[in-house]
Amino acid sequence: MAGSLAASAFLPGPGASPAVSTKTSKNMAGELPDNLSVRGIVAKPGAPSGSMQVKAQAQALPKVNGTKLNHKNASADTEEAIPYSAPKTFYNQLPDWSMLLAAVTTIFLAAEKQWTLLDWKPKKPDMLVDTFGFGRIIQDGLVFRQNFLIRSYEIGADRTASIETLMNHLQETALNHVKTAGLLGDGFGATPEMSKRNLIWVVSKIQLLVEQYPSWGDMVQVDTWVAAAGKNGMRRDWHVRDYNSGRTILRATSVWVMMNKNTRRLSKMPDEVRAEIGPYFNGRSAITDEQSEKLAKPGSTVDGDAAKQFIRKGLTPRWGDLDVNQHVNNVKYIGWILESAPISILEKHELASMTLDYRKECGRDSVLQSLTTVSGECVDGHPDSTIQCDHLLQLESGADIVKAHTEWRPKRAHGGEGNMGFFPAESA
């Protein structure tokens, strides 16, 4: 009887398919017996190759308690009792790496967020790098600092930043100072109280000393602050340094007054405006009184030797030269002033100092002329000497717009020999 049960467990009954027989003959580990082929045929050990005996229905049906069992039903019961499981291999025993990676990423992002919220900055905020160039207020709220990277389109033929580039940095920091301090109203740098009264700032005078010019890729650090200038004016100073070396690049001071935006007339400073900007006044000066005295004031005229006088006529503002107050930006005047400077000075000398007196604003429909008188030694006679020039920018109708005095020194050697232009094609 025991042999019959063993045989019935491995041999298919009548009508049973080989697949079913294969399933029922699996052991608990899910593997086929060694002596069972893929078709459920038992091969006798030691039998010759290719000869196999098939035992089908060789044994009688087994009895349990005197009752015959149907082999098909027994096979079905056995299949239901022992569930099928896939063979265990190396690959399906590995963990779910996608879930592990997602968990690690979540932990990393959470840690990074917490790190950015921590107060990890050093105790000296003045030493922080202004990474994104937005600027910040330092020194108890009295100084605004901003960094600028010199771009390739901000340098001139001598591979250094132009004076217009540096002046634009001064203007940008002035406006960002007002904005960061929360004093920006509707106008171009106007405070809320100024905006209520239709008042705007206009520059009256600028003095600057240039010690060196930055090159392409240099980082410059600009500090700016404000102070009182008489009863109705405000002084704004700047100190520009090389960010890496700390060397001074430029020092500048300026005087600003108020103008009514509608009438275009100068106005007194209201007490409400003084109360807004007064807490930010700083008595420090970028240019000392001794240095200021050495900066010659613009002459009353530019008359002199005709051989030393140069004129450029027909200068007209473009739409892009106007600011939001609908007059020509003060930095644009500098370019027009230098339009009449001799090319020999521009090629062999660099601007060392400048004093600008603004007399009248310029509109979109104005037509101007630029006059320059060389008051020092002629550059053709003494190429290594210091040159002094008086400039006048005026309407062709005769009204003065800006008077200026400049001093020029021989150009210093600058590194870099790269060619920023096009290379000529080689001849065949």
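Bear in mind that the values in this text are calculations on the coordinates, not laboratory data. Predicted model only: the values in this text are computed from it and were never measured. A quick note on method: Cβ atoms are made from the backbone with ideal geometry, for glycine too, and the neighbour counts reach across all protein chains shown.
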*Set the Förster radius R0 to 35 Å, insert the Cβ-Cβ distance between Leu101 and Val324 as r into 1/(1 + (r/R0)^6), and round the FRET efficiency to 0.05.*
0.10
*Give me the net charge of Ala275's neighbourhood, meaning all other residues with Cβ under 14 Å from the Cβ of Ala275; Lys, Arg count +1, Asp, Glu -1.*
-1
_Entries in Lys297/Lys332; Lys313/Lys348; Lys231/Lys313; Lys196/Lys313; Lys179/Lys231 that, when Cα-Cα distance is taken, lie over 28 Å_ = Lys231/Lys313; Lys196/Lys313
*asked:* Highest mean first, how do 97-109, 338-350, 262-274 rank when packing is the count of other Cβ atoms within 10 Å averaged over residues?
replied: 338-350, 262-274, 97-109
